[in-house]
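Right, one structure below, let's go through it.
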Amino acid sequence: MPAPRLSVIVVSWARPRALARCLIALSQLRSTRFEVIVVADEDGLAVARALPFSERITYLEQKVGNISAARNQGIAAAAGEIVAFVDDDAVAEPDWAETILSAFGDPDLAAVTGPVIGRNGISLQWGRMAVDRLGRDRWLAAGEAPGPGETVKLHGTNMAFRREILALNGGFDPVFRFYLDETDLARRLVQAGQSLRHVPGMRVHHGFAKSPRRRADRIPTDLTDIGASSVIFLRKHAPDELEGAVDHLIEDQRLRLMRLARARKIGPTEIRHLTQSLRSGIDEGRTRDLSSVVAIPATSRSFVPLRDDLPPPMSFHDGWWHKAKALRAQAADQVAQGNPTALVLLEPTPRKHRIVFTDGGWWEQSGGLFGPSDRAERRVQLWRYRDRIAHEKARLFAPGD
């Protein structure tokens, strides 16, 4: 039996700059067994078509902002036996594709998800989690399995499926225009007897970029979709607990807005708008038609791998912060030559470290020589420069959860 191939689907809406960064990271994955399908608006497609490897990408236009429908467009075009999803404001670590394909060596596995790293490039944003029929999620302890009535929570920005199983179960329900569509799918798969798993080495970094629903600092600007999708999810999976769960949703969001107000991040005008948008969404969710998902047919298009050969090994560079301009120019030159690159910039302080994948296409870690690169470490540490660089080089992209 031939080795499985991976179709990576990136859905993008109104974030062309983030999309370009996501695609550059995908072009550096250490694999030749994946293709890339972009489902985006006009601006996103234009940016993607300007990339050096653009002729290897499959393009589909997203005419309305419905993430579930766009994901289904991507599934319909996917020629790989495995289908993976990463958001446009996220970047995958170099071994992401091969980690996914390796996980599906288990023939009984239908879907996988993995850790999502937060904005600082170090802390865990989402990890091993379970979700119940009310859509409530919780973290799982080491070795703990989801409890009765729970399923593994799939993280929408980092998940993969067997295409055949995904297509037979109708993909994502487009009645969810945003929010909870992957949780609905996870519950449908489990109800159909399928197996889901969390894979620790399958890591992406998620930026939480600005969107029509939130600001760049993650402050919400509209709660309509959260209200509508929450009610739709409850109508499908817990109709007997709908009213109590809606009351709980309203109270949770009220407390969230009060916390933001106390932090002086929103004021009375924003609170009134967000509360009204939530209630409007709840009303809409009560009346929106619950469509029946239908099987997605196989594609007739050929599989087009993004790469024919593996990228060179990661090129590591380091230096003091005051030399950042020259070192970044050096990193940019390496990327231009097709060499994946990581740059570590240190300063003689205890400043905490952060890791980003830059718009220029290299991984950059910055922080103090004496600062923690793991939030569980001591606030101040004693290091010699060369020992610290060796430590960080060994730690970058190490699997874990």
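The values are calculated or read from the model by the stated rules, or taken from the named source; none is laboratory data. What you see is a predicted model; the values in this text were computed from it and never measured. Cβ placement follows ideal geometry from the backbone for every residue including glycine, while neighbour counts extend to all protein chains displayed. Note: areas computed on protein heavy atoms with side chains; ligands, DNA, RNA excluded. Shrake-Rupley method; radii C 1.70, N 1.55, O 1.52, S 1.80 Å.
Go through region 268-279 and give me each residue that's open to solvent by less than 50 Å² (accessible area, probe 1.4 Å) and among the polar types (S, T, N, Q).
Ser277
Give me the pairs: first residue in region 292-308 and closer than 14 Å to Leu166 by Cα, second residue open to solvent by 60 Å² or more (accessible area, probe 1.4 Å), beta-carbon distance under 7 Å, and six or more apart or on different chains, which are they?
Ala295/Leu168
Just to be sure before I move on: is Asp132 open to solvent by less than 20 Å² (accessible area, probe 1.4 Å) and either in contact with a Cys (Cβ under 7 Å, 6 or more places away or on another chain) or modelled with pLDDT of 95 or more (or both) in the structure I sent?
Considered against the rule, which asks whether it is open to solvent by less than 20 Å² (accessible area, probe 1.4 Å) and either in contact with a Cys (Cβ under 7 Å, 6 or more places away or on another chain) or modelled with pLDDT of 95 or more (or both), Asp132 comes out as no.
Here is a list of conditions, (1) crowded, with 16+ Cβ neighbours inside 10 Å; (2) farther than 30 Å from Leu6 by Cα, and Lys265 meets all of them except one; can you say which number that is?
Answer for Lys265: the failing condition is (1).
Here's a check for you: in region 163-187, which residue that is more than 18 Å from the chain's Cα centre (by Cα) and open to solvent by 50 Å² or more (accessible area, probe 1.4 Å) is nearest to Leu290 (Cα to Cα)?
Ranking the qualifying residues of region 163-187, first place goes to Pro174.
Residues are listed down the side, and each one gets a yes or a no for (1) of a type in the set (Lys, Arg); (2) surrounded by fewer than 17 Cβ atoms within 10 Å (Cβ to Cβ); (3) in contact with a Pro (Cβ under 7 Å, 6 or more places away or on another chain):
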residue	(1), (2), (3)
Leu310	no, yes, no
Pro313	no, yes, no
Gly367	no, no, no
Phe370	no, no, yes
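Those residues that are part of a loop (DSSP other than H, G, I, E, B), touching a Ser or Thr at 6+ places or on another chain (Cβ under 9 Å) and in contact (Cβ under 8 Å) with a residue 40 or more places away in the chain, I need them from region 310-368; list them, please.
Those that are part of a loop (DSSP other than H, G, I, E, B), touching a Ser or Thr at 6+ places or on another chain (Cβ under 9 Å) and in contact (Cβ under 8 Å) with a residue 40 or more places away in the chain: Leu310, Pro311, Met314, Pro340, Lys352, His353, Gly361.
For region 197-237: of the residues being among the small types (Gly, Ala, Ser) and under 21 Å from Gln276 (Cα atoms), which is surrounded by the fewest Cβ atoms within 10 Å (Cβ to Cβ)?
Looking only at region 197-237, we keep the residues that are among the small types (Gly, Ala, Ser), and these are 201, 207, 209, 211, 216, 227-230.
Filter once more, keeping what is under 21 Å from Gln276 (Cα atoms): 211, 227-230.
Numbers: Ser211: 20, Gly227: 25, Ala228: 26, Ser229: 25, Ser230: 27.
Checking each candidate, the answer is Ser211.
Please enumerate the residues belonging to region 317-341 that are within 20 Å of Arg384 (Cβ to Cβ), in contact with a helix residue (DSSP H, G or I) (Cβ under 8 Å, 6 or more places away or on another chain) and either surrounded by 18 or more Cβ atoms within 10 Å (Cβ to Cβ) or among the charged types (D, E, K, R) (or both).
Once the filter is applied, which keeps residues that are within 20 Å of Arg384 (Cβ to Cβ), in contact with a helix residue (DSSP H, G or I) (Cβ under 8 Å, 6 or more places away or on another chain) and either surrounded by 18 or more Cβ atoms within 10 Å (Cβ to Cβ) or among the charged types (D, E, K, R) (or both), region 317-341 yields only Asp318.
List, please: which pairs have Cβ atoms under 7 Å, are six or more places apart or on different chains, and start with a residue in region 125-142 that is among the charged types (D, E, K, R) and end with one that is modelled with pLDDT under 95?
Arg128/Asp401; Asp132/Gly149; Arg133/Gly149
Just to be sure, is Arg301 closer than 17 Å to Leu51 by Cα, open to solvent by 40 Å² or more (accessible area, probe 1.4 Å) and either assigned to a helix (DSSP H, G or I) or not hydrophobic (A, V, I, L, M, F, W, C) (or both)?
Against the criterion (closer than 17 Å to Leu51 by Cα, open to solvent by 40 Å² or more (accessible area, probe 1.4 Å) and either assigned to a helix (DSSP H, G or I) or not hydrophobic (A, V, I, L, M, F, W, C) (or both)), Arg301 does not qualify.
Kindly indicate which of Asp252, Asp240, Asp283, Asp247 is open to solvent by 60 Å² or more (accessible area, probe 1.4 Å), at pLDDT 95 or above and within 22 Å of Ser68 (Cβ to Cβ).
Answer to the selection: Asp283.
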